[in-house]
Amino acid sequence: KVAIIGSGPAGLTAAYFLALNGYKVTVFEKLPVAGGMMAVGIPEYRLPRKTLASEINVVKKMGVKIKTGVTFGKDITLNSLKKEGYKAFFLATGLHKNRQLNIGNEKMKGVLNGVDFLRDASLKNPVSVGKKVVVVGGGNVAIDVALTSLRKGAKDVTVVCLEQRDEMPAWKHEIEEALEEGVKIVNGFGPNRFLKKGGKLSGLEFKRCTSVFDDQCVFNPKYDAKDLSSIEADTVIIAIGQAADLSFAGKQRIPVTSTGLVADPMTLETPMKGVFAGGDVFYGPKTVAEAVGSGKEAAVSIGRYLRGLDLRAGRDLRDTKLIVNTQPQKETYDPASRTQMPRLDAQTRVKSFREVHLGFTEDLAVREAKRCISCGACCVQACPYSVMQFNQEVTKAVKCDLCVEKRGRNEAPACSVACPAHCIFWGDPAKFPAGADQGIQKSVP
């Protein structure tokens, strides 16, 4: 029996693969619904709840039990679960706490937290915003908060962040969609103090941010405290990041750092034997796809642990061999730009939580599948000299010269071995003299 704490993408994926291999799995979820941040963090206009429910139902039909409304550390503990016969545990509790600004009056009425706001909106809890909303933050959560505010009745929404437009951590297409829906974005300013009038929130004062990162590229914002400006608002929503709720860890002596759980980066096993950790609570905020990958790796480790096998054997990426491509396909190269996904127009989508992206037609899907996807990163990462770069404007690998010498010595260049599209062809490596592949990097990150 395996217990999984958290029903987000990492937890559900681990449950899926463990069930596939015959293990009895129970997933325990603190929230009233399964899905983690997919259910309460990603708005429905991006991830329809019917789609999510259908995926979760697949896992349930495989025999996985999902128990909601169960708090780890309170309703259940590692010890209580061990007494029930559970032999392995996967902690995938995600990041459900809000990071705070820590400036005066942050607790006043009208100041909301982004993660809580999105959760309440997703759970259909009462959510009220004013007509003028200011969102603090420059990531995808901040953009989701802004667009959800519009759908909840706000008329004027402004996102303010430290970063300049090209530095914003939010995805470019998310920013573009926000602008299309009328969201204003102010770059290069950080909160200084909340403003109030007649005892009520009236706005937020900002100071200019002169730099976001230091010389070592570490987040360390600097400000010009004399360059101040303010924006009127009757609601301010803080969306500057997420943190892990590790309140369950102390009494159970589960090792933690200042940011999350402690685990081996390859096996995901914590210092506690049989206890594994993964997803955002382990490595910080990343994508759903990366959480899925983490859950799959956790399932591999848990399966090996329960069978008494080596958790690390064969899992070192440096042992991975590259696939040799022997047939050139340069004639199939198509420099067409990426096919744009059809979507609802901005005026329509702000009126509801209908899914924005409508999906490809068959013709568009075929067009997208045929084009060259400019996979230059593969050859760049394979380069043993770390000199190759990829020019996105001309869709070509550039700054490559050392391999000319290798070719002259009948040595197979690493890029030709790594290219998944068979575009780089230097001859069949099988016909090179013995040892000709020396220097080839044996793994692709």
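Some observations on this one:
- When the stretch 336-351 is filtered for residues that are surrounded by 11 or more Cβ atoms within 10 Å (Cβ to Cβ), polar (S, T, N, Q) and part of a loop (DSSP other than H, G, I, E, B), only 339 remains.
- Any hit, the stretch 38-52, residues being part of a helix (DSSP H, G or I), modelled with pLDDT of 95 or more and touching a strand residue (DSSP E or B) at 6+ places or on another chain (Cβ under 7 Å): no
- Only one of the numbered conditions (1) open to solvent by less than 30 Å² (accessible area, probe 1.4 Å); (2) touching a strand residue (DSSP E or B) at 6+ places or on another chain (Cβ under 6 Å); (3) of a type in the set (D, E, K, R) is violated by residue 67, and that is (1).
- In summary, residue 97 fulfils each of the numbered conditions (1) more than 28 Å from residue 357 (Cβ to Cβ); (2) more than 20 Å from the chain's Cα centre (by Cα) with the single exception of condition (2).
- Those helices (runs of 4 or more DSSP H) of the stretch 75-189 in which at least 3 residues are buried (at least 18 other Cβ atoms within 10 Å of the Cβ) and not hydroxyl-bearing (Ser, Thr, Tyr), considering only elements entirely within it, cover 114-122, 140-151, 172-180.
- Some residue of the stretch 190-204 being open to solvent by less than 40 Å² (accessible area, probe 1.4 Å), in contact (Cβ under 8 Å) with a residue 40 or more places away in the chain and within 27 Å of the chain's Cα centre (by Cα): yes
- Among helices (runs of 4 or more DSSP H) entirely within the stretch 208-320, having at least 2 residues that are touching a Leu at 6+ places or on another chain (Cβ under 7 Å) singles out 280-283, 288-306.
- Restricting the stretch 5-38 to residues that are hydroxyl-bearing (Ser, Thr, Tyr) and within 22 Å of the chain's Cα centre (by Cα), the residue that is least open to solvent (accessible area, probe 1.4 Å): 7
- Cross-chain or 6+ apart pairs with Cβ under 8 Å, the stretch 19-41 first and touching a residue at least 40 places away in the same chain (Cβ under 8 Å) and over 15 Å from residue 9 (Cα atoms), then part of a helix (DSSP H, G or I) and open to solvent by 40 Å² or more (accessible area, probe 1.4 Å): 23/306
The values are calculated or read from the model by the stated rules, or taken from the named source; none is laboratory data. As the structure is a computational prediction, the values presented were derived from the model and not from experiment. Using ideal geometry, Cβ is built from the backbone for each residue, glycine included, and neighbour counts are taken over all protein chains shown. We work out accessible area using only protein heavy atoms, side chains counted, and drop any ligands, DNA or RNA first. Shrake-Rupley method; radii C 1.70, N 1.55, O 1.52, S 1.80 Å.
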